[in-house]
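Have a look at the structure below, then the notes.
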Amino acid sequence: MREDILDKVLKVLNTNLENTEITFEQTEDDLSALGMDSILFIRVIVALEEAFDIEIPDEKAAEIKTVQDIVDYIKANA
C-alpha cells in the first residue's frame, strides 16, 4: 500500500515539477531543495487532493516539508 501511495505521489510531483525528477531515494529531502517554490507547492497540493480524493487543510499543508510527509499524511487520511 505504501509503495502504491508513494508511486502516485511521485507521479503527481514529477508531472508538476519542471527541469527535475524526484526519485524514491529523495523522499526525505526538503521539497524546496528539490525545486519546489510556494506557487508550485499550491499546485501540487491541489493535484494531490484530486488524485487521492482528499482535502489537505492549509495548516496541515504548512507542515509538509518532504515527500515522506505527503505520503504519511495521505496514509493517515485517505
| request: Go through Thr27, Ile64, Phe52 and say which Cα lies farthest out towards the positive end of the charge dipole of the chain; charges sit on Cβ, +1 for Lys and Arg, -1 for Asp and Glu. | output: Phe52
| task | Enumerate the amide H contacts of Thr27 below 5 Å, restricted to partners 5 or more residues apart or on another chain; note that Pro and chain-start residues carry no placed amide H. | result | none
| message | To the nearest 20 Debye, how big is the dipole of the chain about its Cα centre, given +1 on the beta carbon of each Lys and Arg and -1 on that of each Asp and Glu? | response | 100 debye
| remark: Expressed to two decimals, the stretch 33-78 has a Cα Rg over Rh, using the Kirkwood radius, of 0.92
| remark: Computed ³J(HN,Hα) along the stretch 40-53: with the Karplus parameters 6.51/-1.76/1.60, θ = phi - 60°, integer Hz and x for glycine or proline, the list is 5, 4, 4, 4, 5, 4, 4, 5, 5, 4, 5, 5, 10, 6
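Over the chain, what portion of Cα pair distances is larger than 17 Å, expressed as a whole percent?
35 percent
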| said: Taking θ = phi - 60°, what integer Hz values does the Karplus form 6.51 cos²θ - 1.76 cosθ + 1.60 yield along the stretch 62-78, in sequence order, with x for Gly and Pro? | reply: 5, 8, 7, 10, 9, 4, 4, 4, 5, 4, 4, 5, 5, 4, 7, 10, 8
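Bear in mind that the values in this text are calculations on the coordinates, not laboratory data. Given the structure is predicted, the values throughout are model-derived calculations rather than measurements. As a convention, Cβ positions derive from the backbone with ideal geometry for all residues, glycine included, and neighbour counts pool all protein chains shown.
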